């Protein structure tokens, strides 16, 4: 029994301080991303969410350049980009795609500049993979209150607006007829999305954070049509993927090439994709039987 | 310098032309996902010692097929997002395993246009011509399906869609090694969106889109050469300027075509 357990969980996993911090931080972020992500999927804003996270790499690199904590860079630039998208027209179904694309293009431009400046003047080469691909094991426990606070803000926005947001997401016309201020609600949601994405950027990296935001939520929505049930399910899937990813990354230290761990983000992303495909297969099986 | 100029011009013409359909079909996310995800192919190629072009080709075609097939069931944007992040996750793994320097990762993501050598011109030219021929062959079905998707049967729609995705993949393979995964995205979106704001006629918009892309790239290379800042930055900035300017022009042009048709 002991040997089996050791084969699954390499020794030292639960006792390691970095792992505990990573599990706590990653867990908080995973739950927030799963809950918020359900609305992202219902509103078909996966591209917007992904664009915000990509643009986050500009924020992370600029924060490094001026000596701020990366989290503030991620949050600041995501909120700014969300405002720009809202301004150009992310809410209109037709203009959304291009609005997001144009803002993302500008974000990339800034990211390439800041990363270049960082490499040239600050010798920040080691930071680039961290900003782009994240590194949950390097986070410190002192980040936890801030991450929890920001996550709570995002959740509070969505919970307060739950009913009007749901209505505006499913049928904007009906919501407008009922007196919901669709654009205001959408803007507030975009703000919550920007904060969530910034948190994901911190843990699994700017270019991979879409996985946590979209994957678990889309998997959950394949299994259930009820939004609140889907949100809870998404949070669960997201948490499971994150923790299992941490465990596998820890184990991978003993895989080839030896003494070189595989990136956590790779495991999380792969698990999320598997969850999505499994949910699809499960849903199809159910409809066939029913 | 001359090599960079030729190759980047080719990338701009093809990117602008393909971009016209990207904007028309509302496929910005796909146009972002395929080039960005194919970065993993380049990283994998360096890991196993294969040629970069082969790696890029395999991953961009794989990404196109993944998006096309996953997107048949369920939501297209979710399928695109998951295909993209999975490829990027693989890229992160390959980079980490090959202990690739972060400068190499940077040049893959954001391009290295000034370091292009003369022997890259011929393959790029060949792929550019091939892309334009495919675009010409697909011209009518693509245009019809983009404007009136309900007119076509489901099976043909899927075929045209897959052909379009593969076209994006081909453009990606050709341009990524020279201009980076992000630059090609910007070249596909901003000029085409600008052109669509100015005219509603497809042929004119396509030519205009390529022209705007060319001007953007030439300006960016010149600015990058003088300031020593990355080309990608100037391409993004100039592209956004072109988009903003064309929309301002369309708005002041007394309800021109941009009012009705250029919003897509």
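Any read-out appearing in this document is the output of simple, stated calculations on the displayed coordinates, not a laboratory observation. All of these numbers come straight from a predicted model, not from anything done at the bench. Neighbour counts run over all protein chains shown; Cβ positions are idealised from the backbone, glycine included.
Could you list A:189, A:254 so that the one with the fewest beta carbons within 10 Å of its beta carbon is first and the one with the most is last?
A:254, A:189
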Checklist outcome for this item: Averaged over residues of B:50-61, the number of beta carbons from other chains lying within 10 Å of each residue's Cβ is 0
Next on the checklist: Can you compute the label reach from residue B:215? Point 7 Å from Cα along the Cβ direction, backbone N cut-off under 16 Å, restricted to the range B:10-43.
Outcome noted: B:12-13, B:16-17
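Hey, got the average number of other protein chain Cβ atoms within 10 angstrom for residues in B:231-238? Could you put the intermediate results ahead of the total?
Numbers: counts 2, 9, 11, 3, 4, 11, 5, 1.
Averaged over the peptide's residues, the number is 6.
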Next on the checklist: Within the range A:31-52, name every residue whose backbone N is under 20 Å away from a label modeled 7 Å from Cα of residue A:163 along the Cβ vector.
Outcome noted: A:39
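Mean separation of Cα pairs under 8 Å and 6+ residues apart, divided by the residue count of the range A:168-227: what relative contact order is that in percent? Walk me through the numbers on the way to the answer.
Values: 23 pairs, mean separation 10.0, N = 60.
Relative CO of the range A:168-227 lands at 17 percent.
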Next on the checklist: Per-residue Cβ counts within 10 Å, from other chains only, averaged over B:240-247: what number is that?
Outcome noted: 2
Next on the checklist: Using a 10 Å cut-off around each Cβ, can you sort B:224, A:53 from fewest to most neighbouring Cβ atoms?
Outcome noted: B:224, A:53
Checklist entry - Using the reciprocal of the averaged 1/r over all distinct C-alpha pairs, how large is the Kirkwood radius of the range A:172-290 in Å? => result 16.3 Å
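Based on the alpha carbons, how large is the Rg to Rh ratio for the range A:19-284 when Rh follows Kirkwood?
Numbers: Rg = 18.0 Å, Rh = 18.5 Å.
Ratio of gyration radius to Kirkwood radius: 0.98.
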Next on the checklist: Between residue B:143 and residue B:9, what's the calculated FRET efficiency when r is the beta-carbon distance and R0 is 25 Å? Round to 0.05.
Outcome noted: 0.45
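For the range A:158-229, count all C-alpha to C-alpha pairs, find those more than 21 Å apart, and express that count as a whole percent of the total.
On the way: 977 of 2556 pairs.
Considering the range A:158-229, 38 percent of its Cα-Cα pairs are separated by more than 21 Å.
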Checklist entry - Which FRET efficiency, nearest 0.05, do residue B:118 and residue B:204 yield, Cβ-Cβ r, R0 35 Å? => result 0.50
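Suppose we take every Cα in the range A:31-92 and form the convex hull; what volume per residue is that in Å³? Provide the component values of the computation, followed by the final result.
On the way: hull volume 4.6 nm³, N = 62.
Hull volume over Cα atoms, normalised by residue count, gives 75 Å³.
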Checklist entry - For residue A:87 and residue A:281 in the same chain, what is the full-extension length gain: residue separation times 0.36 nm, less their Cα-Cα distance, in nm? => result 65.9 nm
Checklist entry - In which sequence would A:287, B:182 go, from the one with the fewest C-beta neighbours within 10 Å to the one with the most? => result A:287, B:182
Checklist entry - Roughly speaking, what is the stretch gain from residue B:241 to residue B:54, that is 0.36 nm per residue apart minus the C-alpha to C-alpha distance, in nm to one decimal? => result 63.8 nm
Checklist entry - By average Cβ neighbour count within 10 Å, what is the ranking of A:173-183, B:161-171, B:198-208, A:59-69 from highest down? => result B:161-171, A:59-69, B:198-208, A:173-183
